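Here, each number is a calculation from the coordinates, and none is a lab measurement. Values in this document were obtained by computation on a predicted structure and should not be read as measured data. We place every Cβ from the backbone using ideal geometry, glycine too, and count neighbours over all the protein chains shown.
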Amino acid sequence: IRDVCLSRGLGDVYKRQALEALLGWWLEVGPALGNISPKILLREDIWTGLNFTNKTYYVSRTVLLRWEEEDLWRLVLRQALHTSPTLAKLIQQQASIELSRLDSTPQLNVLRKGLFPLWGERMGRGNKSYTSNWVRSRISDYKENRFPRSLILLLQRAVENEKTAYDRNPYEAVLRPRSLIEALSKVSEERVNEVYNEYPEFVVYLEKLAGERSPIDGERLKAIWQVDSVKLKELVTSMAAAGILQKYTSRPLLPDSEGRYSVAELY
């Protein structure tokens, strides 16, 4: 539906109306098609914006597909345990995690500990940040959507950085913090390209943010995007629903202020 609307130059209103009509039509004809059970996959922000009669019929049959933190760490641990006997031995010694019992390890703190041989426990200035928290925040948007593709790319690039490093790794872990930090720019670039594909209506505005600093003042956004206050509110509301940015409230806002907005670390 999105591609059809884009090819015909139709806006968000028409896309929403097309989806509402399609879902409403299925409620009318679906019961007569007993051998057909549809599975409808929609982005959460698109589904939230739909409004049609008997929408509650779908609500009661809706499942939210989301990667939780423990799912991500199991993904990494499964790969490490399967491909590296050395890492598998260290993980088993430090966290008592084995490949055959990985799915039955529910404790998040145990999964995090199992990753210490891979990327250590802490990083950052003074080693104040937990590495798992740093990684999680940089592969997530502001809606707490976590992207396993970004995680895999982050690790792949970090491994490449380690292989080409000219100095010896002084850390006990395989990946030093510097390698992870240097890998982030490529991860961000790839995820921004994915956002362009998912949200083509944002491309023009997001491209104009290149070189800007986060958080950014609302008045600056109006100037960059060449929009008025009404259009600015519409854009930031849509981008907030997509997890790209959120209102920045570290200090009181002045009367009539457009506010300040921060962009998710991933972008």
Check your understanding: Using modelled amide H (1.01 Å from N, peptide plane; none on Pro or chain starts), what sits under 5 Å from the amide H of Arg260, excluding residues fewer than 5 places away?
Key -> Gly218, Tyr248
**Study point:** For segment 48-94, convex hull of alpha carbons as volume per residue, Å³
**Key:** 102 Å³
Exercise for review: Any chance you could list the semi-axes, whole Å, largest first, of the equivalent ellipsoid that the Cα gyration tensor gives for segment 168-241, using √(5λ)?
Suggested key: 34, 14, 10
Revision key, fill the gap. Going residue by residue through segment 135-142, the Karplus relation 6.51 cos²θ - 1.76 cosθ + 1.60 with θ = phi - 60° gives ³J(HN,Hα) values, rounded to whole Hz and with x marking Gly or Pro, of 5, 4, 5, 9, 10, 10, 9, 6
**Study point:** segment 171-212 pair-distance distribution - Cα-Cα, 10 Å bins, rounded %
**Key:** 25, 38, 22, 13, 3
Check your understanding: For segment 42-156, what is one quarter of the convex hull surface built on the Cα atoms, given in nm²?
Key -> 9.3 nm²
Exercise for review: Just flag the chymotrypsin sites (Phe, Trp or Tyr not before Pro) in segment 119-205 sitting in loop per DSSP whose Cβ has no more than 10 other Cβ atoms within 10 Å.
Suggested key: Tyr166
Check your understanding: How big is the chain in terms of Cα radius of gyration and Dmax, in angstroms?
Key -> 22.5, 69
Point to revise | Residue-averaged [θ]222 nm for the chain, counting only DSSP H segments that reach four residues, each worth -39500 (n - 2.57) | key: -16000 deg cm²/dmol
Practice item. Taking DSSP loops as anything outside H, G, I, E and B, show the longest stretch in the chain free of trypsin sites (Lys or Arg not before Pro) there with at most 11 other beta carbons within 10 Å. Key: 67-127
**Study point:** Two-decimal ratio, segment 124-199, of alpha-carbon radius of gyration to 2.2 N^0.38 Å
**Key:** 1.18
Exercise for review: Only Lys, Arg, Asp and Glu count, each charged at its Cβ (+1, +1, -1, -1), so figure out the dipole size of the chain about its Cα centre, rounded to 20 debye.
Suggested key: 580 debye
